[in-house]
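Structure first, then comments.
The values are calculated or read from the model by the stated rules, or taken from the named source; none is laboratory data. Being a predicted model, the structure only gives us computed values, none of them experimental. Note: ideal-geometry Cβ built from the backbone for every residue, glycine included; neighbour counts use all protein chains shown.
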Amino acid sequence: MHSFFKFPWILLPLASAFKHPHPDDLINGFKNAVDCDGCHALLVPLKALAELGDSAFVDTLIATCKVLKLEDPDVCVGAISQQGPILSHALRGISPFGKTATKLCEGTFGLCQPPAVNQYTLPLPAPGPAAARKPTASTGKKTPFQVVHFSDVHIDREYAPGSDSNCKKPICCRAFADEAVPPNEPAGPFGNRNCDSPAGLAKSMLDQISAHHTWSIFTGDVVEAAVWLVNRSEVTSDIGLFNQELSAALNAPVFPAIGNHDSAPVNNFPLDTATGKFDAQWVFDLEGKQWRHWTNRTAAREVKHFSGSYSVTAPGTNLRIISINTVYWYKQNFWLYDSDTPTHDPRGILEFAVKELQAAEDAGQRAWIIGHMPPGSQDVFSDQSNYYDQIVQRYRNTIAGQFFGHTHYDEFEIAYSDYESRGADTAVGAVWIAPALTPRSGNPAFKVYDVDPETYEIMDSKVYFSDMKNPKYQTEPEWKLYYSAREEYGPLVDLAPTAPLNARFWHAVTEAFEKNDTAFQRYNEFMTRGGHVHPCDAACKKVAICQMRAARAENNCHVAKPGLTFGDTERDDPETLMKNSAPPAPAHPQSQCEGAGIGHLLSQLALKVTSGPGRESSMADLRSRLEKIIPVPRAVDEL
């Protein structure tokens, strides 16, 4: 039972709010939503508002967003109009005081800590004799082949060179009607730090990839992050154009995964409870058809029938690629909050992974798992991360690698057989996370893996980047080798010449980081490819290493900080981050892939209500507007 039952200020409005919301109930809820108890209390009038219908819910949040100036009015209208009905649907299905509500308060408002995992044992086949063995390490006599991993391209087809790259919108470099004239900082043709990727930058990267790979993996997010403007027509067009560009530029297959931006509204991947305009089947039908020439007919059918997931054997190998739609584990996918009854495996994604891994084991294959969201990320539900980890433990001798994107950083996570004793001896799986193309997160980059042709383990990971500070960048980006993981980290741990960069290796690297701050600070710089480097002191470093040792989300040491958890940290300067965060300068800002969605807006509410300029007049204005939106019965008004 939550401690809010101890506080009389919360009890007073509950009876009326359950029946009908009053503007004062909402305003007081906003004011007091500064911690977990306050968030649960706020959900009472928000749920009552949702019961009045989507229109009242959406109009109320838009008015609140405008009055409090959470973003420009057009951003308020666009983001809330698209995602508000989904959140309204979710609130109608849950208790404001239940465990799902706690998850909502953590994932959307950043006001609660993640609740304990719903304990569940995933049904898994018993290990067979072959499951106890994996291919022995290569002798090093066979030459590795190369695979490129790129992610989070976020191509903005409306990127406008010469427009303002330092605007008031969440995404700049567009010809917004209300932008400054003349622009504060004119956008260059190949991208700026407050903007997503122009099409020319994507083409430049693809031209480079074609010289480096046998085949490629792409871990999602085609569409740009102006999410308040994105609709189904744009997503369909953007996905189609990028798939055409991949086919034209690359002379070998690409194995993709679906990202959270690759639908409309953004993050909209419904459960079976969704109908009509919120159905996302059109995404799966589109991708299944357009990916077919890289995969095969069976995989195309799987994409359509397994919510974007598929499996295929890479050409000329004994390696099975298993692509899974991890957006069904994403805290910003509001469809996942619409019931107090736990759904252990939304849309059967885990079941699909098990089926394909068992097929790989039976066939004597190794497997790579690819997806958009890393399993240990702080914006992944701990429940599904835990259940996925059970799969990793069962098939750890079959899985040769796990590859994800989403965070926009160049980083890694480690899975352990015993999270209570994390060490080299218990490290059983390495998660590779690719840097992004979009300049929002640092210098544009991609990875090239040297892959052992017998074990399919990674022998080296080379990052190629284009330095935006290079005077020639805006004329034609130059792509250069940034660093080799083997050359950079191998000497720290005395890596043997023929040893792979596996989980044991990466755990040893984390131990080296603990002892060698210079090495850690280089890693911290590498995360953004030397672009938006955030200072990271001893406390920050401790959390960052914990994140590396947490391919299971419940172990990542993330602590929700009201007002900061989903704030727009990617555009904060380092001094502001150092001043406002604890530990200083989050090593893993989590807004990179969300954009200005409704979660971003709601996370600012409490701070704006309690400390914004002109607060009292704003509250009076807000009450006046809400009275016009919410019809107030006399009996409720007089209570």
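Observations, loosely collected:
- Candidates 494, 418, 517, 460, filtered to the one that is among the charged types (D, E, K, R) and at positive phi: 494
- Comparison of 253, 265 shows that the only residue that is more than 30 Å from residue 79 (Cβ to Cβ) and in contact (Cβ under 8 Å) with a residue 60 or more places away in the chain is 253.
- Scanning the range 421-448 for residues that are part of a strand (DSSP E or B) and within 20 Å of residue 212 (Cβ to Cβ) gives 432, 433, 436, 445, 446, 447, 448.
- Residue within the range 486-493 that is of a type in the set (A, V, I, L, M), surrounded by fewer than 20 Cβ atoms within 10 Å (Cβ to Cβ) and touching a strand residue (DSSP E or B) at 6+ places or on another chain (Cβ under 9 Å) present: no
Yes/no matrix, rows are residues, columns are (1) more than 21 Å from residue 333 (Cβ to Cβ); (2) of a type in the set (Lys, Arg):
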residue	(1), (2)
217	yes, no
222	no, no
231	no, no
239	no, no
244	yes, no
249	yes, no
252	yes, no
261	no, no
277	no, yes
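- Qualifying residue in the range 380-388 (condition: out of contact with any Gly (no Cβ under 8 Å at 6 or more places or on another chain) and among the β-branched types (Val, Ile, Thr)): yes
- When 97, 109 are checked against the criterion of being among the aromatic types (Phe, Trp, Tyr), over 30 Å from residue 358 (Cα atoms) and buried (at least 22 other Cβ atoms within 10 Å of the Cβ), 109 stands alone in meeting it.
- Residue 181, sole failed condition from (1) part of a loop (DSSP other than H, G, I, E, B); (2) touching a residue at least 40 places away in the same chain (Cβ under 8 Å): (2)
- Residue count for the range 185-214, restricted to those that are at pLDDT 95 or above, farther than 12 Å from residue 173 by Cβ and not in a helix (DSSP H, G or I): 0
- Filtering the range 492-511 to residues that are within 26 Å of residue 443 (Cα to Cα), assigned to a helix (DSSP H, G or I) and not polar (S, T, N, Q) leaves 492, 506, 509.
- Residues in the range 279-298 that are buried (at least 21 other Cβ atoms within 10 Å of the Cβ) and either under 15 Å from residue 321 (Cα atoms) or in contact (Cβ under 8 Å) with a residue 60 or more places away in the chain (or both): 291, 294, 295.
- Against the conditions (1) at pLDDT 95 or above; (2) assigned to a loop (DSSP other than H, G, I, E, B); (3) not small (Gly, Ala, Ser), residue 71 satisfies every one except (1).
- Failed item, numbered, when residue 159 is tested on (1) among the hydroxyl-bearing types (Ser, Thr, Tyr); (2) at pLDDT below 95; (3) more than 30 Å from residue 296 (Cα to Cα): (2)
- Conditions (1) at pLDDT below 95; (2) farther than 24 Å from residue 471 by Cα; (3) surrounded by 20 or more Cβ atoms within 10 Å (Cβ to Cβ); (4) hydrophobic (A, V, I, L, M, F, W, C): number failed by residue 147: (1)
- Selection status of residue 134, assigned by TED's automatic domain parsing to the domain that holds residue 403, more than 24 Å from residue 373 (Cα to Cα), free of Cβ contacts under 8 Å to residues at least 40 places away in the same chain and surrounded by fewer than 20 Cβ atoms within 10 Å (Cβ to Cβ): no
- Qualifying residue in the range 233-244 (condition: touching a helix residue (DSSP H, G or I) at 6+ places or on another chain (Cβ under 8 Å), modelled with pLDDT under 95, surrounded by fewer than 22 Cβ atoms within 10 Å (Cβ to Cβ) and not charged (D, E, K, R)): no
- All of 404, 381 fail the test of being assigned by TED's automatic domain parsing to the domain that holds residue 202 and under 27 Å from residue 191 (Cβ atoms), apart from 404.
- Given (1) outside the structural domain of residue 462 (by TED's automatic domain parsing); (2) under 27 Å from residue 289 (Cα atoms), index of the condition residue 190 fails: (2)
- The residues of the range 519-548 that are under 18 Å from residue 466 (Cα atoms), assigned to a loop (DSSP other than H, G, I, E, B) and not small (Gly, Ala, Ser), listed by number, are 528, 529, 532, 533.
- Residue 62 on the phi < 0 side of the Ramachandran plot and either in contact (Cβ under 8 Å) with a residue 24 or more places away in the chain or not in a helix (DSSP H, G or I) (or both): no
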